[in-house]
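The values are calculated or read from the model by the stated rules, or taken from the named source; none is laboratory data. What you see is a predicted model, and the numbers here were worked out from it, not measured in a lab. As a convention, Cβ positions derive from the backbone with ideal geometry for all residues, glycine included, and neighbour counts pool all protein chains shown. For accessibility, only protein heavy atoms count, side chains too; no ligands or nucleic acids. Shrake-Rupley method; radii C 1.70, N 1.55, O 1.52, S 1.80 Å.
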Amino acid sequence: MIHRLQIRLLTWDVKDTLLRIRRPVGEEYATKARAHGLEVEAATLEQAFGQAFRAQSHSFPNYGLSHGLTSCQWWLDVVLQTFHIAGIQDAQTVASIANQLYKDFSKPCTWQVLEGAESTLKGCRKRGLRLAVVSNFDRRLEDILVGLGLREHFDFVLTSEAAGWPKPNSRIFHEALQLAQVEPAVAAHIGDNYHCDYKGAQAVGMHSFLVVGPGPLDPVVKDSVPREHILPSLSHLLPALDRLEGSPPGP
């Protein structure tokens, strides 16, 4: 008798896989700055945010938990550094802006569910698959998912803040597998980041799918990811699972 592979668990990245920020970060920051009497170009803040975020992530990875920071303080520091790089020296005003931005990015209305996300999650549940979140997000994620109506699809939500380790570290994937009580061979991960999601999950023996969007493929992805693992959109997931399990696609 031939035993076909049957996937039992799907773990999901969230940001830029299921959700995205409604407006660019630079626009959000510029709007809040304007409300506090500061005029800064959105493009300037967008560029400054990228620098500040990369520097903070390098110096204090995973929200600085091992350095005694909270994720809230980590993000407030990112905002302060963003405005500093953009040439704003008014620390008191920027501190008020930072607190407001942290609250705003905690609200579901700041986020947008990506096209096809909800229908794909429902389709997966209809097939009897268990779903869970494995995300390099902070403690705000659970409430954001509840507010957007997506939390009900997942058995659990595991953030890197809660796990203590960010993707692609194997420990966060192992913790998810332990929580679900499944072996990696019958689990698959879906995400948009080649290193954190695709390679991270594969390193622990899970199957993996990479969400790439409609644009041209990165050369690294094109050369190293099989076409059957690439999802141009979330609607491609269920047919890809059919191919993985070796069964003919449904009607």
What does the charge dipole of the chain about its Cα centre add up to, to the nearest 20 debye, if the Cβ of each Lys and Arg holds +1 and the Cβ of each Asp and Glu holds -1?
-> 580
Counting only Cα, what are the radius of gyration and maximum Cα-Cα distance Dmax of the range 132-242, in Å?
-> 14.0, 39
Per principal axis, descending, Cα span of the range 1-72 in whole Å | 72, 31, 18
With all protein chains present and a 1.4 Å probe, the order of His58, His153, His236 from largest accessible area down is His58, His236, His153
How much FRET efficiency would the formula 1/(1 + (r/R0)^6) give for Lys222 and Gln100, where r is the Cβ-Cβ distance and R0 is 51 Å, rounded to 0.05?
-> 0.75
With label points built 7 Å along Cα→Cβ from the Cα atoms of Lys126 and Asp90, find their separation and express it in nm.
-> 5.3
Please get the size of the charge dipole for the range 5-129, origin at its Cα centre, with Cβ charges of +1 on Lys and Arg and -1 on Asp and Glu, quoted in debye to the nearest 20.
-> 800
Go ahead and run the numbers for FRET between Ser59 and Ser170, Cβ-Cβ distance against an R0 of 25 Å, rounding to 0.05.
-> 0.60
Of all alpha-carbon pairs in the range 32-119, indicate the percentage at a distance above 21 angstrom.
-> 36
If you put +1 on each Lys and Arg Cβ and -1 on each Asp and Glu Cβ, how big is the dipole of the range 142-250 around its Cα centre, in Debye rounded to 20?
-> 300
Just give me a number: lysine pairs in the chain, eight or more positions apart or cross-chain, with C-alpha atoms less than 30 Å apart.
-> 23
Helix-only [θ] at 222 nm, the chain, -39500 (n - 2.57) per DSSP H run of 4+, per residue, nearest 500, equals -12500 deg cm²/dmol
Options (i) 15.7; (ii) 14.7; (iii) 18.2 are given for mean projected area of the Cα convex hull in nm², and the computed one is (ii)
For the chain the mean separation of alpha carbon contacts under 8 Å (6+ apart) over residue count, i.e. relative contact order in percent, is 23
